[in-house]
Amino acid sequence: ANQAIRFGLTIEGRKVFRRKLIQEPTRCLKCHAIGGSHMAADCPQELDTCGTCGANHRTSTCGVDNPDLFFCVNCQTNDHAAWSRDCPTFIKKAEANRGRQEDARYIYFPTDDPLTWDTHPGQNEQWQNTDQD
């Protein structure tokens, strides 16, 4: 797996690059709560909430395709849908998840080889300004 992450793979003549998957926050597909304590089968909400427009219907039946009409029920804003990976609530919960996963800071799966100990840029690093003006 580390070799595939580091050097990529060639599949049917095409070079593809891989990355280590990090567990993401759960999402209830009924109310679209991110990182909550329940899933759709156990959702306390009586009606479905659309993940695209925020109305009371299933996301799969939504006819809204204009991004100007999207509504995020988590952020209570209409600049993205609840399913968007750019959702600030999703990003915040995903970052919190990564902070709790011991090996999430590593690019590779750590082994005895020190090359696998590389971390993602900006993680666990203290940058200091060393310029002397």
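We did not get these values from a lab; they are worked out from the coordinates using the rules stated. All values reported here derive from a predicted model rather than from experimental measurement. Don't worry about glycine lacking a Cβ; one is built from the backbone with ideal geometry, like all the others, and counts go over all protein chains shown.
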Legend entry - Long-range amide H partners of residue 119 with built H, under 5 Å: 107
Inset, instruction - Summarise the long-distance tail of P(r) for segment 29-100 by giving the % of C-alpha pairs beyond 13 Å. - result: 63
Inset, instruction - Using label points projected 7 Å from each Cα along Cα→Cβ, tell me how many nm separate residue 78 and residue 41, to one decimal. - result: 3.7
Legend entry - Gain in span if fully extended, residue 5 to residue 118, counting 0.36 nm per residue against the direct Cα distance: 39.5 nm
Legend entry - Helix 88-100 axis, angle to the chain major axis (alpha carbon atoms, nearest 10°): 40
Inset, instruction - Taking a cut-off of 18 Å between Cα atoms, list the aspartates and glutamates near residue 20, but don't count ones fewer than 8 places away on the same chain. - result: 95, 102, 103, 112, 113, 118
Legend entry - Mean projection area, nm², convex hull over Cα of the chain: 14.2
Inset, instruction - Name the residues whose placed amide hydrogens come within less than 5 Å of the amide hydrogen of residue 51, ignoring near sequence neighbours (fewer than 5 apart) on the same chain. - result: 59
Inset, instruction - Please give the calculated 222 nm ellipticity per residue for the chain, where each DSSP H segment of at least 4 residues contributes -39500 (n - 2.57) and the sum is spread over every residue; nearest 500 deg cm²/dmol? - result: -4000 deg cm²/dmol
Inset, instruction - Within segment 36-94, list the trypsin sites (Lys or Arg not before Pro) lying in a DSSP loop whose Cβ has at most 11 other Cβ atoms in a 10 Å radius. - result: 85
